Amino acid sequence: MRSTRNFIAVLATAVLLSGCAGMTDQEQRMATGAAIGGAAIGVATGSWGWAALGAAAGAGTGYLIEAQRERERDAFQRGVEEGRSQ
């Protein structure tokens, strides 16, 4: 019974992640972080409650990572534009 539930959970995750094509980079990072965090904690503890906590932590981490990358891209672009204007 447990293996059937695990299979259904993995299948549902794959279906949900397949809809990521129209998402922004930040939304994709958050979804990926949530999936990885939820799966890792869920497998480690065997508890859906802890899996939800892991998913929340993963989504938050994905958000922070993409926000930092966006700041870096913006700073790089400003540097390029500043270099061109000199």
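The numbers here are math on the coordinates, done by the rules we state, and not lab data. In this text, all values refer to a predicted model and were calculated from it rather than measured experimentally. Counting neighbours? That spans all protein chains shown, and the Cβs are built from the backbone with ideal geometry, glycine included.
Some points to look at:
- Top of Thr32, Thr24, Thr61 by mean-square fluctuation, Gaussian network on the chain, Cα under 10 Å: Thr24
- The range 65-79 - phi-based ³J(HN,Hα) in whole Hz, Karplus 6.51/-1.76/1.60, Gly and Pro as x: 5, 5, 4, 5, 4, 5, 4, 5, 4, 5, 5, 4, 5, 4, x
- Each of Tyr63, Thr45, Thr32 was placed along the dipole of the range 20-86 (beta-carbon charges, centred on the mean Cα), and the one lying farthest toward the positive end is Thr45.
- Figure legend: label point modelled 7 angstrom from the Cα of Ala67 along Cα→Cβ; residues of the range 21-40 with amide N under 18 Å from it are 24-34.
- Basic side chains Lys and Arg get +1 at the Cβ, acidic Asp and Glu get -1 at the Cβ, and with that the dipole of the chain about its Cα centre reaches some 360 debye.
- With a Förster radius of 30 Å applied to the beta-carbon distance between Phe76 and Ser18, the computed FRET efficiency rounds to 0.40.
- More than 14 angstrom apart: percent of Cα pairs within the range 2-85: 69
- Result for the chain in a Gaussian network model with C-alpha springs under 10 Å: among Gly22, Gly62, Gly54, the largest mean-square fluctuation is at Gly22.
- Computed lengthening from Ala52 to Ser85, 0.36 nm per intervening residue step minus Cα-Cα distance: 6.9 nm
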